[in-house]
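Scroll down for the structure; my scribbles are underneath it.
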Amino acid sequence: MIGRSLSNSVINLGIQDQYAEALNQLGFEFEVLAEQEGDASLGNGGLARFSACQMDSLATLDYPAWGYGLRYEYGLFRQIIVDGFQHEQPDYWLNFGNPWEIERIHVTYEVKFNGTVEEVDMNGEKVKVWIPGETVEAVAYDNPIPGYGTKNTINLRLWAAKPSNQFDLEAYNTGDYINSIVNRQNTEAISNVLYPDDRSHQGKEMRLKQQYFFVSASLQDIIRRFKEAHNNFDELPEQVALHLNDTHPSLSIAEIMRILVDEEHLGWSKAWNIVNKIFSFTTHTVVAEGLEKIPVDLLGSLLPRHLQILYEINSNFMEELKKKIGLDYNRLSRMSIIEEGAVKSIRMANLSIVCSHTVNGVSKVHSNTLKTKTFKDFYELWPEKFQYTTNGVTQRRWIVVSNPSLCALLSKWLGTEAWIRNADLLTGLRDHVDNTSFRHEWKMVKRLNKMRLAEYIETMSGVKVSLDAMFDVQVKRIHEYKRQLLNIFGIIHRYDCLKNMDKNDRRKVVPRVCIIGGKAAPGYEIAKKIIKLCHAVAEKVNNDADIGDLLKLVFIPDYNVSVAELVIPGADLSQHISTAGHEASGTGSMKFLMNGCLLLATADGSTVEIIEELGSDNLFLFGAKVEEVAELREKGGALKVPLQFARVLRMVRDGYFGDKDYFQSLCDTVEVGNDFYLLGSDFGSYLEAQAAADKAFVEPDKWIKMSILSAAASGRFSSDRTIREYAERTWKIDPCQCPF
Ligand code: CRA
């Protein structure tokens with residue numbers, strides 16, 4: 001999820017001024033031109049944007065790394081809102097071409113599917129031969145990723161599916177010309193469209209085809225590049241580290257075994273020893289239900305040889321496991337790569353753990369959950385495999401590109417631009433926090449960014465907002481666990497209080513602009529209802545003359561990287577309010593922190609580490625802790641839920657915001673006894689945290705200090721730190737400077 005590339009590229013290349021000057025001579029303004037670029041949205045949410053940040057850091061820190069992915073014709077859908085409802089439109093981002101990519105027509109590989117496996121005799125030995133039924137061509141498109149302050153530029157190689165010439169041959173042989181053309185179109189469909197569900201991808205044939213297509217092309221490419229300089233596969237682990245970013249590329253394991261055993265004839269145990277040394281794995285998911293499973297039948301018909309390999313890996317693993325733990329059948333079945341049951345499936349996470357030398361979590365909390373719950377059995381078997389590397393974001397994109405005024409201010413007061421490569425230097429801001437001119441300049445920068453954002457809001461939604469109000473933002477994918485509904489209920493409560501106040505009391509209230517943005521997966525009904533409720537409440541609140549500037553609610557449509565670049569610098573407060581234990585890491589909070597935005601958050605994911613850096617006095621913390629959640633859930637209907645919550649729920653149920661019938665099922669999800677994400681039991685402390693934020697906002701000096709301290713604490717959350725940790729601990733690679 002790269003977003004736009006122009007600003008980032010000229011900044012990283014250090015040619016910003018010359019480029020702007022050259023454009024000027026041609027009669028263009030850089031800022032205006034940069035706005036014309038469309039976003040590359042080839043992913044869903046946090047994981048995809050995190051990958052883009054990792055690429056920027058890999059390039060900047062001179063690591064010799066490549067990224068691989070799919071060149072989707074249609075990226076993540078565009079969200080439009082009609083009458084408060086989300087509609088999805090295709091994102092045909094390649095309409096006018098993509099100036100950043102280089103098509104490598106000579107870098108193509110055949111990717112095969114279907115068919116049968118036969119056993120043949122080769123020099124007296126029985127070997128398995130896969131006779132595929134379908135062949136597709138993968139063509140490479142390279143997207144250069146320039147590092148900052150270095151000549152190192154790394155590559156993001158994306159694969160597009162093209163029909164293979166073999167079809168023509170078949171058509172010629174069989175005379176079935178028309179069908180062969182239709183088949184050609186079907187094959188191109190493999191890289192057509194990105195699946196828009198960001199957490200579950202169970203059992204879809206096209207998705208499996210996409211995964212294998214991506215994995216097979218990438219591995220053929222990696223092995224070809226290895227063979228250019230090496231002829232002994234024993235050297236592979238020394239030369240190549242493969243990182244599985246979640247389980248989506250985990251078929252690589254079966255594919256590389258197939259290449260080494262069937263094509264390179266290394267023999268199973270030799271191949272297995274090599275494979276074990278090259279893979280590392282990061283899981284980005286918390287709940288066991290979110291883990292990818294592929295039905296055996298589906299995999300077997302699409303990739304028959306791979307299924308055999310997976311069975312063999314599993315049977316060897318089970319044998320080894322029995323030697324270690326004995327005949328504990330429950331545990332053996334939990335740890336097996338194959339899940340028995342109504343739909344027999346391959347557990348991609350188990351496969352990845354068994355075959356990787358390192359298993360990473362994305363935050364401390366997440367890693368503890370992995371060790372004590374999700375992968376407890378594996379942790380007990382191989383404690384040394386488990387690590388955690390907290391996610392990060394690149395300050396080049398999230399300050400330098402998106403907040404140029406803050407960038408200039410930081411360099412001025414830190415006396416150097418070195419923080420752009422070394423975010424730890426941001427702690428130096430603490431030295432100036434008591435300086436009034438610094439604080440004044442800081443405030444002016446925030447105001448400027450709020451102005452930009454206010455203009456955007458007015459253009460997008462027609463709502464005029466006051467710059468004196470607190471800009472309170474929640475932007476991320478819409479999910480029940482992220483609890484946008486808690487936010488909306490808080491807003492309804494605020495509105496209700498305002499309505500019941502006399503004029504004198506209203507004058508004391510801190511004005512708020514509540515901003516919500518994010519996409520719902522097209523099939524996720526409840527998430528779509530949350531979007532609709534947000535619009536229904538906005539309609540009521542924004543048109544209430546009693547309320548005026550005291551409260552506004554705006555939904556920003558089509559939240560993407562470019563919108564984030566505008567919204568984040570303009571936020572005073574941002575909300576990261578997932579039910580504790582559900583957000584593996586969260587990276588949005590890190591971007592807000594860097595931009596001097598205060599956080600209102602639960603102790604979930606990376607927020608726990610943010611608190612370690614920032615101190616709990618400098619953010620507004622609330623809600624149940626991870627270790628309390630299970631017990632609260634058990635109490636269920638016996639939980640004490642504040643009266644205010646019941647009142648808000650009643651208002652929605654009674655049709656105070658219209659669409660009475662439509663919202664009933666949404667209300668059911670948070671009704672006492674059914675409230676899985678604990679909105680009711682967290683509501684009281686949520687309101688307290690909101691009140692504390694109001695209180696701090698009326699003391700501008702205090703607020704600005706907290707804002708400065710937030711940015712000062714953000715250094716640890718640079719993806720440069722993340723990548724350095726991966727490089728040193730997981731991949732064991734050194735920086736490698738460009739020689740010219
Ligand atoms: N949805 C997690 O939920 C995390 C990112 C990146 C997610 C986030 O908490 O910050 O990954 N998980 O690590 C995911 O995509 C497949 O799982 C996410 O973005």
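The values are calculated or read from the model by the stated rules, or taken from the named source; none is laboratory data. The structure presented is a predicted model; accordingly, all values stated were derived computationally and were not measured. Methodologically, a virtual Cβ is constructed for each residue, glycine included, from the backbone with ideal geometry; neighbour enumeration extends over all protein chains shown.
Scanning region 507-534 for residues that are within 14 Å of residue 82 (Cα to Cα) and either among the acidic types (Asp, Glu) or surrounded by fewer than 22 Cβ atoms within 10 Å (Cβ to Cβ) (or both) yields a single hit, 528. Among residues of region 499-527 that are in contact (Cβ under 8 Å) with a residue 12 or more places away in the chain and at positive phi, those with a beta-carbon under 7 Å from a residue that is surrounded by 18 or more Cβ atoms within 10 Å (Cβ to Cβ) and among the aromatic types (Phe, Trp, Tyr) at least six positions away or on a different chain give the pairs 518/559.
Checking each residue in region 222-262 for being of a type in the set (A, V, I, L, M), within 22 Å of residue 725 (Cβ to Cβ) and within 16 Å of the ligand (Cβ to nearest atom) picks out only 244.
A quick yes/no check of all residues on (1) touching a Phe, Trp or Tyr at 6+ places or on another chain (Cβ under 9 Å); (2) under 30 Å from residue 187 (Cα atoms); (3) modelled with pLDDT of 95 or more:
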site	(1), (2), (3)
56	yes, no, yes
70	yes, yes, yes
85	no, no, yes
89	yes, yes, yes
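For every residue, the table says whether it meets (1) among the polar types (S, T, N, Q); (2) over 26 Å from residue 282 (Cβ atoms).
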residue	(1), (2)
339	no, no
367	yes, no
373	no, no
381	no, no
394	yes, no
398	no, no
412	no, yes
416	yes, yes
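Consider region 8-33 and keep the residues that are of a type outside the set (Ser, Thr, Tyr) and closer than 16 Å to residue 398 by Cα. The one that is farthest from the ligand (Cβ to nearest atom) is 10.
Answer with yes or no whether residue 504 is modelled with pLDDT under 95 and more than 29 Å from the chain's Cα centre (by Cα). Spelling it out, residue 504 is indeed modelled with pLDDT under 95 and more than 29 Å from the chain's Cα centre (by Cα). The C-beta contact set for region 37-56 (first residue not assigned by TED's automatic domain parsing to the domain that holds residue 478, second residue within 9 Å of the ligand (Cβ to nearest atom) and basic (Lys, Arg), distance under 6 angstrom, 6+ apart or interchain) comprises 45/477. Scanning region 1-36 for residues being more than 14 Å from residue 53 (Cα to Cα), touching a residue at least 60 places away in the same chain (Cβ under 8 Å) and hydrophobic (A, V, I, L, M, F, W, C) gives a total of 2. Each residue in region 359-389 was checked for being of a type outside the set (Phe, Trp, Tyr), in contact with a helix residue (DSSP H, G or I) (Cβ under 6 Å, 6 or more places away or on another chain) and more than 16 Å from the ligand (Cβ to nearest atom), and 2 pass.
Residue pairs whose Cβ atoms lie under 6 Å apart, sitting 6 or more positions apart in sequence or on different chains, and linking a residue in region 264-292 that is at negative phi to a partner that is within 12 Å of the ligand (Cβ to nearest atom) and acidic (Asp, Glu), are 284/246. The listed residues are 578, 665, and the only one of them that is crowded, with 23+ Cβ neighbours inside 10 Å and among the polar types (S, T, N, Q) turns out to be 578.
Considering (1) crowded, with 16+ Cβ neighbours inside 10 Å; (2) out of contact with any helix residue (DSSP H, G or I) (no Cβ under 7 Å at 6 or more places or on another chain); (3) not in a helix (DSSP H, G or I), the lone condition that residue 474 does not fulfil carries the number (2).
Regarding region 185-204, can at least one residue be identified that is part of a helix (DSSP H, G or I) and of a type in the set (Phe, Trp, Tyr)? Within region 185-204, none of the residues are part of a helix (DSSP H, G or I) and of a type in the set (Phe, Trp, Tyr). Here residue 179 passes the criteria (1) touching a strand residue (DSSP E or B) at 6+ places or on another chain (Cβ under 8 Å); (2) without any contact (Cβ under 8 Å) to a residue 60 or more places away in the chain; (3) surrounded by fewer than 16 Cβ atoms within 10 Å (Cβ to Cβ) except the one numbered (1). The selection criterion, being at pLDDT below 95 and more than 16 Å from the ligand (Cβ to nearest atom), holds for residue 265. Determine, yes or no, whether residue 215 is among the hydrophobic types (A, V, I, L, M, F, W, C) and free of Cβ contacts under 8 Å to residues at least 40 places away in the same chain. Judged against the criteria, residue 215 is not a match. Only a single item in (1) within 16 Å of the ligand (Cβ to nearest atom); (2) at pLDDT 95 or above is not met by residue 292, and it is number (2). Each residue in region 328-373 was checked for being more than 26 Å from residue 728 (Cα to Cα), hydroxyl-bearing (Ser, Thr, Tyr) and in a helix (DSSP H, G or I), and 2 pass. Listed by first and then second residue, the pairs with beta-carbon distance under 6 Å, at least 6 apart or on different chains, first residue in region 553-580 and closer than 17 Å to residue 49 by Cα, second surrounded by fewer than 24 Cβ atoms within 10 Å (Cβ to Cβ) and of a type in the set (Ser, Thr, Tyr), are 566/456.
Note on region 668-691: residues that are crowded, with 17+ Cβ neighbours inside 10 Å, in a loop (DSSP other than H, G, I, E, B) and of a type in the set (A, V, I, L, M) total 2.
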